[in-house]
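Asks: Once you've had a glance at the structure underneath, I'll fire off some questions.
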Amino acid sequence: MKKLVNFRKKYNLTQKEVSNQLGVSQSTVSSWELNKSTPNREFNSNIDRMIRQYKQEREEQEMNNAVINCLLYTSPSPRD
């Protein structure tokens, strides 16, 4: 399951962290990633949801950082 491997690498997550979030064993995540087995529909949906959630959180974090940086660079200096 290439999307799971790519997701983990992009967000620097371990198989253990992903397995905890999905409520499965680390060996199950490993098995999915090595295409030894495939997740059922429920877990496929949970994986997709988890990926969407991480992407959304990352986008929100980047947006917040951009706003903070903008405020930092446009705010008057206390010395002014």
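Asks: I need every pair where a residue in the range 8-26 that is within 13 Å of GLN53 (Cβ to Cβ) has its Cβ under 8 Å from the Cβ of a residue that is of a type in the set (Val, Ile, Thr), sequence separation at least 6 or different chains.
Replies: Close Cβ pairs (under 8 Å, with a partner that is of a type in the set (Val, Ile, Thr)) amount to VAL18/VAL29; LEU22/VAL29; LEU22/ILE47.
Asks: Those residues that are open to solvent by 80 Å² or more (accessible area, probe 1.4 Å), within 15 Å of the chain's Cα centre (by Cα) and among the polar types (S, T, N, Q), I need them from the range 7-42; list them, please.
Replies: Those that are open to solvent by 80 Å² or more (accessible area, probe 1.4 Å), within 15 Å of the chain's Cα centre (by Cα) and among the polar types (S, T, N, Q): ASN12, ASN20, GLN21.
The values are calculated or read from the model by the stated rules, or taken from the named source; none is laboratory data. Bear in mind the structure is a predicted one, so any value in this text is a computation, not a measurement. Don't worry about glycine lacking a Cβ; one is built from the backbone with ideal geometry, like all the others, and counts go over all protein chains shown. Accessible surface areas use protein heavy atoms only, side chains included; no ligands, DNA or RNA. Shrake-Rupley method; radii C 1.70, N 1.55, O 1.52, S 1.80 Å.
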